[in-house]
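One structure below.
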Amino acid sequence: MEQPPGFEDKSAPSYVCKLDKALYGLKQAPRAWYSRLSMKLQSLGFVPSKSDTSLFIYNKHRTSIFVLIYVDDIIVTSSSDGAVTALLKDLGSEFALKDLGDLHFFLGIEVKKHSNGIHLSQAKYATELLSRIGMQNCKSSPTPLSSSEPLSLTEGEPLHQEDITGYRSLVGGLQYLTLTRPDISFVVNKVCQYLHAPTTAHWTAAK
C-alpha cells in the first residue's frame, strides 16, 4: 500500500507499506471479507449453494436457515425464529453486526409480509426505469408484445449511437425487472436478441 498522505517517511518516500490484514477500500478487501465470513458459516454447518456462492444453506435437525450475502449486507431467514437469534448471536461474537429487523427493501425489490405469504415487488424500480427513458407519464399496454407484428433483424431503421446506448440500458433494466415480473420474460428475451444492432422497431417494442 502507498504511504498515507501526511504519514510519509521523508527519508524513504518511495517505500510502500506491508499490510498484515486487509483494509476497507482495497481491492482485496471484499474477497478477504467473504472468505472469513464463509469459513465462519461453514464451521457452523452451512453449505454454500452450488448455483450462487453468496447463498449459504443450513438444513439439519428439522431446522432450515438461509443466509444471503451481498457485500456487507446479510439477509437471514429460517423456519425457526430461535435459530435466527442464535445465529446472529454467534456471528455477533466475531463480527460487528447491526440488526435492522425485518427486511423491507433490498436491491430494488420491495418485500412485504402477509399472513398468507411474502409479496415481492419492484414498483419503485419500474418507476425509476420509466423516468430514466422519459416515459413516466406513459399508458400501460395490455400485452407485453404484439403477436401480429413479430420482430425481425431488418425491421425498422438503425438507431443512432445515443439511442443504441439507451436501448441497451433499458433492456438491461428490464432483465432485472423479470425477477418479480416473469410474465415479461418472453418479450425481454426477444428484445435482448437485437442488442448488437437495434433498430427503431426494436426500440418501440422495448418501450
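Computed from the coordinates by the stated procedures, all read-outs in this text should not be read as laboratory data. Predicted model only: the values in this text are computed from it and were never measured. Cβ coordinates were reconstructed from backbone atoms using ideal geometry, including for glycine residues, and neighbour counts include every protein chain displayed.
Report ³J(HN,Hα) in whole Hz for each residue of the range 14-21, in order, from the Karplus equation J = 6.51 cos²θ - 1.76 cosθ + 1.60 where θ = phi - 60°; Gly and Pro get x.
8, 6, 10, 9, 9, 8, 8, 7
Hey, got a sec? Which chymotrypsin sites (Phe, Trp or Tyr not before Pro) in the range 66-118 land in a DSSP loop and have at most 10 other Cβ atoms within 10 Å? Show your work: numbers first, answer last.
Details: sites: F66, Y70, F95, F105, F106; in loops: F95.
Loop-located and lightly packed - none at all.
Would you calculate a helix-derived [θ] at 222 nm for the chain, using -39,500 (n - 2.57) for each DSSP H run of n ≥ 4 and dividing by the full residue count, to the nearest 500?
One gets -10000 deg cm²/dmol as the mean residue ellipticity at 222 nm.
Relative contact order, percent, of the range 1-86 when contacts are C-alpha pairs under 8 Å separated by at least 6 residues?
Working: 83 pairs, mean separation 11.3, N = 86.
Across the range 1-86, relative contact order equals 13 percent.
What's log10 of I(q)/I(0) for the range 98-207 at q = 0.12, 0.18 Å⁻¹, Debye sum over Cα points only, no solvent?
Computed log10 I(q)/I(0) values: -0.49, -0.94.
Which whole-number percentage describes the relative contact order of the range 126-207, with Cα contacts under 8 Å and a sequence gap of 6 or more? Please report the intermediate quantities before stating the final value.
Numbers: 55 pairs, mean separation 33.1, N = 82.
This gives 40 percent for the range 126-207.
Within the chain, which is the longest segment containing none of the GluC sites (Glu not before Pro) that sit in a DSSP loop and have at most 15 other Cβ atoms within 10 Å?
Working: sites that count: E8, E94, E155.
Here the longest run is 9-93.
Nothing charged except the Cβ atoms of Lys and Arg (+1) and of Asp and Glu (-1): what's the magnitude of the dipole of the range 1-92 about its Cα centre? Round to the nearest 20 debye.
Values: 11 positive and 9 negative charges, 76 e Å.
Using Cβ point charges on Lys, Arg, Asp and Glu, the range 1-92 gives about 360 debye.
Say we join alpha carbon atoms closer than 10 Å with springs in a Gaussian network model of the chain; which of R62, R181, R132 then has the biggest fluctuation?
In the Gaussian network model the winner is R62.
For the chain, just run the numbers: alpha carbon Rg, then divide by 2.2 N^0.38 Å, N being how many residues it has. Present the calculation step by step, with values, prior to reporting the outcome.
Values: Rg = 23.9 Å, N = 207, 2.2 N^0.38 = 16.7 Å.
The value comes to 1.43.
Spin-label point model (7 Å from Cα, Cβ direction): what's the Q193 to L88 distance in nm?
Once both label points are built, they end up 4.8 nm from each other.
So if I place +1 on the C-beta of Lys and Arg and -1 on the C-beta of Asp and Glu, and nothing else carries charge, what would the dipole magnitude of the chain be about its Cα centre? I want it in debye, nearest 20. Intermediate results must be reported in sequence, preceding the final value.
Details: 21 positive and 20 negative charges, 110 e Å.
I would put it at about 520 debye.
Hey, got a sec? Which trypsin sites (Lys or Arg not before Pro) in the range 1-31 land in a DSSP loop and have at most 16 other Cβ atoms within 10 Å?
In loop regions of the range 1-31 (DSSP not H, G, I, E or B), the sparsely surrounded trypsin sites (Lys or Arg not before Pro) are K10, K18, K21, K27.
Return the ratio Rg/(2.2 N^0.38 Å) for the range 1-72, where Rg is computed over Cα atoms only.
Values: Rg = 18.7 Å, N = 72, 2.2 N^0.38 = 11.2 Å.
The value comes to 1.68.
Answer with one residue from N59, W203, L91: the one whose Cα lies farthest towards the positive end of the charge dipole of the chain, charges on Cβ with Lys, Arg +1 and Asp, Glu -1.
With unit charges placed on the Cβ atoms, the residue in question is N59.
Could you give me the ³J(HN,Hα) list for the range 27-40, computed from phi with Karplus coefficients 6.51, -1.76, 1.60 and θ = phi - 60°, whole Hz, x at Gly and Pro?
Whole-Hz 3J(HN,Hα) from phi for the range 27-40: 5, 7, 4, x, 5, 5, 5, 4, 4, 5, 5, 4, 4, 5.
Against the globular-protein guess of 2.2 N^0.38 Å, express the Cα radius of gyration of the range 134-179 as a ratio, rounded to two decimals. Provide the component values of the computation, followed by the final result.
Working: Rg = 12.8 Å, N = 46, 2.2 N^0.38 = 9.4 Å.
Taking N as the residue count of the range 134-179, the ratio is 1.36.
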